[in-house]
Amino acid sequence: MDFLSFLDFKITDLIDILLVATLLYYIYKLVRGTVAINIFIGIVLVWGFWKLTELLEMKMISSVIGGFMQVGLIALIIVFQQEIRKFLLMIGSTNFANKRNFIKHFKFLKQEVTSIGTDVDSLVSACDKMSSSKTGAIIIIKRSNSLDFVKSTGDKMHIEITQPIIESIFYKNSPLHDGAAVIEGNYIVATRVILPVSNERNIPLRFGLRHRAAVGITEKTDSLAIVVSEETGMITYIKNGEFVLYNDLTELSSMIKEDLM
């Protein structure tokens, strides 16, 4: 019965399976919607086939696939460079292990989480007004990662969030309208901020420099970005370097509040 010895299931095996499943889930979230998703699925299938050949003691094919997996590791690091950076950024986030993020990632734990205090409703209402007048705007909301490296490129502020304040900042004749506004908690802490522009080729051509800048900062940090298009008035929500779809402003407001929890 040596062949069935692998059925000797221990608690450590269960923990091992849960850890691998969690790791694969977060990697899938990072590459979902990108061209890397097909590569990721291919790697999982090849790895599964490799382990199957080891289990069945098919030594020749197992050694061939094993050699391929080892040699291909460097190539995979290059292919998944951006995704690996996002993953390490998420792991290294200062708030990743605290109660708020723990509950956020494990929502079956029914405990109450307090908001960080950002007046999201005023923020969305201001974007709605700017959208109707086609006033261009880009707003960055800090979460865990520091934004000091971009805040230093603009003008330091400490203004509590209100709808009129946000509208006045991005008013076309305002000296502060050019560049991004950075929000921490319930305060606007910087304006006229210069953001890193994404080089992602998959961004549709209809999106301009504001959208590329929003994608760029959310690729490099865990911040959230709201962009109001000057050409169309469309309000775009971006996080983790990806465009997030929503049905109406009520849903957008709810999504932002949830992401800030």
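The values are calculated or read from the model by the stated rules, or taken from the named source; none is laboratory data. Values in this document were obtained by computation on a predicted structure and should not be read as measured data. We place every Cβ from the backbone using ideal geometry, glycine too, and count neighbours over all the protein chains shown. Surface accessibility is based on the protein's heavy atoms, side chains included, excluding ligands, DNA and RNA. Shrake-Rupley method; radii C 1.70, N 1.55, O 1.52, S 1.80 Å.
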Fill in the blank from the handout: Within segment 247-261, the residues that are at pLDDT 90 or above and open to solvent by less than 60 Å² (accessible area, probe 1.4 Å) are 249, 252, 253, 255, 256
Practice task
Determine which single condition residue 171 fails, assuming it passes every other condition in (1) part of a loop (DSSP other than H, G, I, E, B); (2) under 28 Å from residue 258 (Cβ atoms); (3) open to solvent by 20 Å² or more (accessible area, probe 1.4 Å).
Solution key: (2)
Handout entry: residue 192, sole failed condition from (1) at pLDDT below 90; (2) at positive phi
Key = (1)
Fill in the blank from the handout: Scanning segment 180-206 for residues that are within 24 Å of residue 134 (Cβ to Cβ) and surrounded by fewer than 19 Cβ atoms within 10 Å (Cβ to Cβ), the one farthest from the chain's Cα centre (by Cα) turns out to be 192
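Taking the condition of being of a type in the set (Phe, Trp, Tyr) and more than 26 Å from the chain's Cα centre (by Cα), how many residues in segment 163-179 meet it? Walk me through it before giving the result.
At the first step, the residues of segment 163-179 found to be of a type in the set (Phe, Trp, Tyr) are 170-171.
So of that shortlist, the ones also more than 26 Å from the chain's Cα centre (by Cα) come out as 171.
The total comes to 1.
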Fill in the blank from the handout: The lone condition residue 208 fails out of (1) in contact with a Leu (Cβ under 9 Å, 6 or more places away or on another chain); (2) on the phi < 0 side of the Ramachandran plot; (3) without any contact (Cβ under 8 Å) to a residue 40 or more places away in the chain; (4) not polar (S, T, N, Q) is (1)
Completion exercise
Within segment 115-153, of all residues that are under 18 Å from the mean Cα position of the chain (by Cα) and modelled with pLDDT of 90 or more, the one farthest from residue 173 (Cα to Cα) is 142
Handout entry: Any hit, segment 185-193, residues being assigned to a loop (DSSP other than H, G, I, E, B), out of contact with any Cys (no Cβ under 6 Å at 6 or more places or on another chain) and not charged (D, E, K, R)
Key = yes
